[in-house]
Amino acid sequence: MTTRLQNLDGLPASVIRPAYRRDALTAGILHLGPGAFFRAHLAVYTDDVLAKDNRWGIEAVSLRSTDVVNHLNEQNGLYTLLTRDTAGTTARVIGSISKAHAASRNPAGLLKRLADPAIRIVSLTVTEKAYGLDPRTGGLDLAHPDIAADLANPTHPRGVIGYIVAGLAARRAQGLNPFTPLSCDNLPGNGAVLKRLVLEFADRVDPALRRWIEESVPFPSTMVDRITPASTDETYADAQRLTGHADRAAIETEPFSQWVIEDHFVDGRPAWEEAGALMVSDVSAYEKMKLRMLNGAHSLLAYLGFIAGHEFIRDTMQDAGLKSLAERHMKAAARTLDPLAGIDFHDYARALIARFENRAIAHRTYQIAMDGTQKLPQRLLQPAMEALARGEDAETFAIAVAGWMRYAMGIDRDGKPYELRDPRAGEIAAALGATDTSAVSVSRALFSLPGLFPEALTDNAHWTARVETALGDLMSGASVPAIL
Ligand code: CS2
């Protein structure tokens, strides 16, 4: 019987492994959201630098699920990172996670860890929807279930903002240094967003706490990038084949990786720059580039690709119409950006297309299509607005939005229903249920979802008409070139 990956004994020589003693690690980072992306990114950058300073081990926390936590703990925190490209797959065992916690099993335990002065960074990959951000105001959404629950009971939180505020409150009460909250989610100004939400929440709990946080806690923003599909049985099988051990926490990713971080930390940080991270004073230009060019094109391809029956992003790149649409979209998105020293947006776009084409990466269009209401604003709607204001081409944005609308109808081209997987799925279904299925009615119903589409877009009759025609084309099963 194959043994489980639990230590580094017996690994084949080809498998890269931690270059430090794991039993001497102490935890300096508490990470919320132990999903595949974190295990392919922050945990790997940290693994690269632990030989130099072993006080930056990571304790990984899941606020909701228990599966990943169980798998990691069964494996003493070890897992296999598979890097795939057309030349083959390589395996590396990552050791930076010392322990995993399920907050739902022991909320008091998490509060205790947040108050431990050895923890100097609390990093986050919790996805857009976990923040409780109201897109209309850029501030706290008081109707968000976690925010509402945690404001009613701030000493027993369950959500991200509630836990961070409770942790900082405990530090202040004990006269300790704060930790640095480090957002690694795909939101523009992710640190600034997190700061605003934390301050607004803290203000409602205790204005003096708010002032202390405002004066003493830095909230660096980051740009993160590595295409990391959800693990599948093939991931686990390949990990076992390459390491000789069964591994239920294995993940797979692409060779490319990028991390740009604002260098404001209250109590130190790992030397991530030695693992290739770029430390800067302002990350916003990088974030905008990545969100609008990579993620915007990803969403466009996910919706149009899913509707056209393409299972993976790599398949959409075999569809000449979709590929050229993505290229045109990247150009249009690049025109909304300010120049960025040292980066040629044409080269960046070319590199993105090559990454999307990677035949070894099976990234599901359905996975990227998830949570559209949370992703559209920063990926497509804000840049569309800016393109229109500059009198530039916003047509591919309209087509992408039409793709989302067609997807939001929840039935594929063979009439088979699928789950939307969006926190506003109920509202969307209700809005669509109350109308007929013509492109005019569907687009109007979705344009009217409160707070999603900015008025500058819905007031632009030319642009909304473009969305409507593209939606009509998609509803009648048009192929992409027919839309263009
Ligand atoms: C994707 C991203 O799922 C999605 O919405 O667009 O997860 C994307 O793969 C990463 O941001 C790449 O860094």
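Any residue at all in the range 69-80 that's β-branched (Val, Ile, Thr) and out of contact with any Gly (no Cβ under 8 Å at 6 or more places or on another chain)?
So far as the range 69-80 goes, yes, one or more of its residues are β-branched (Val, Ile, Thr) and out of contact with any Gly (no Cβ under 8 Å at 6 or more places or on another chain).
Is one or more of the residues making up the range 19-40 surrounded by fewer than 18 Cβ atoms within 10 Å (Cβ to Cβ) and either under 22 Å from the mean Cα position of the chain (by Cα) or in a helix (DSSP H, G or I) (or both)?
Yes: the range 19-40 contains one or more residues that are surrounded by fewer than 18 Cβ atoms within 10 Å (Cβ to Cβ) and either under 22 Å from the mean Cα position of the chain (by Cα) or in a helix (DSSP H, G or I) (or both).
Return the pair list, or none, for Cβ contacts closer than 7 Å from residues in the range 296-308 that are outside any helix (DSSP H, G or I) to residues that are within 10 Å of the ligand (Cβ to nearest atom) and at pLDDT 95 or above, at least 6 apart or on different chains.
Filtered contacts from the range 296-308: no entries.
Condition check ((1) surrounded by fewer than 22 Cβ atoms within 10 Å (Cβ to Cβ); (2) at pLDDT below 95; (3) in the same structural domain as Met289 (by TED's automatic domain parsing)) across all residues:
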position	(1), (2), (3)
Glu386	yes, no, yes
Gly415	yes, yes, yes
Tyr418	yes, no, yes
Ala425	yes, no, yes
Asp436	yes, no, yes
Ala439	yes, no, yes
Glu455	yes, no, yes
Ala470	no, no, yes
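Being within 16 Å of the ligand (Cβ to nearest atom) and not in a loop (DSSP other than H, G, I, E, B) is the filter here; which residues of the range 41-65 pass it?
Scanning the range 41-65 gives Leu42, Ala43, Val44, Tyr45.
Inspect all residues belonging to the range 304-327 and state whether any of them is over 23 Å from the mean Cα position of the chain (by Cα), aliphatic (A, V, I, L, M) and closer than 24 Å to Thr86 by Cα.
Yes, there is a match, as at least one residue in the range 304-327 is over 23 Å from the mean Cα position of the chain (by Cα), aliphatic (A, V, I, L, M) and closer than 24 Å to Thr86 by Cα.
Can you find a residue in the range 358-373 that is away from the ligand (no atom under 16 Å from the Cβ), in contact with a Phe, Trp or Tyr (Cβ under 9 Å, 6 or more places away or on another chain) and farther than 14 Å from Leu325 by Cα?
Within the range 358-373, none of the residues are away from the ligand (no atom under 16 Å from the Cβ), in contact with a Phe, Trp or Tyr (Cβ under 9 Å, 6 or more places away or on another chain) and farther than 14 Å from Leu325 by Cα.
Condition check: of a type in the set (A, V, I, L, M), in the same structural domain as Ala102 (by TED's automatic domain parsing) and buried (at least 22 other Cβ atoms within 10 Å of the Cβ). Does Val69 satisfy that?
Against the criterion (of a type in the set (A, V, I, L, M), in the same structural domain as Ala102 (by TED's automatic domain parsing) and buried (at least 22 other Cβ atoms within 10 Å of the Cβ)), Val69 does not qualify.
If we keep just the residues of the range 218-233 that are touching a Gly at 6+ places or on another chain (Cβ under 6 Å) and not hydrophobic (A, V, I, L, M, F, W, C), which is nearest to the ligand (Cβ to nearest atom)?
Taking the candidates together, the pick is Ser221.
Which count do you get for residues in the range 344-393 that are of a type in the set (S, T, N, Q) and outside any helix (DSSP H, G or I)?
1
Could you check, for the range 79-90, whether at least one of its residues is in contact (Cβ under 8 Å) with a residue 24 or more places away in the chain and part of a helix (DSSP H, G or I)?
Within the range 79-90 (the criterion being in contact (Cβ under 8 Å) with a residue 24 or more places away in the chain and part of a helix (DSSP H, G or I)), the answer is no, since none of the residues qualifies.
Please return the ranges of helices (runs of 4 or more DSSP H) entirely within the range 157-230 where 2 or more residues are closer than 30 Å to Gly296 by Cα, under 18 Å from the mean Cα position of the chain (by Cα) and not assigned by TED's automatic domain parsing to the domain that holds Ala360.
In the range 157-230, the matching helices (runs of 4 or more DSSP H) lie at 160-173, 190-205.
Give me a count of the residues in the range 398-415 that are more than 16 Å from the ligand (Cβ to nearest atom) and part of a helix (DSSP H, G or I).
Residues meeting the conditions: 5.
The values are calculated or read from the model by the stated rules, or taken from the named source; none is laboratory data. Worth saying up front: this structure is predicted, and the values here are computed from it rather than measured. In this analysis, Cβ positions are derived from the backbone assuming ideal geometry, glycine residues included, and neighbour counts consider all displayed protein chains.
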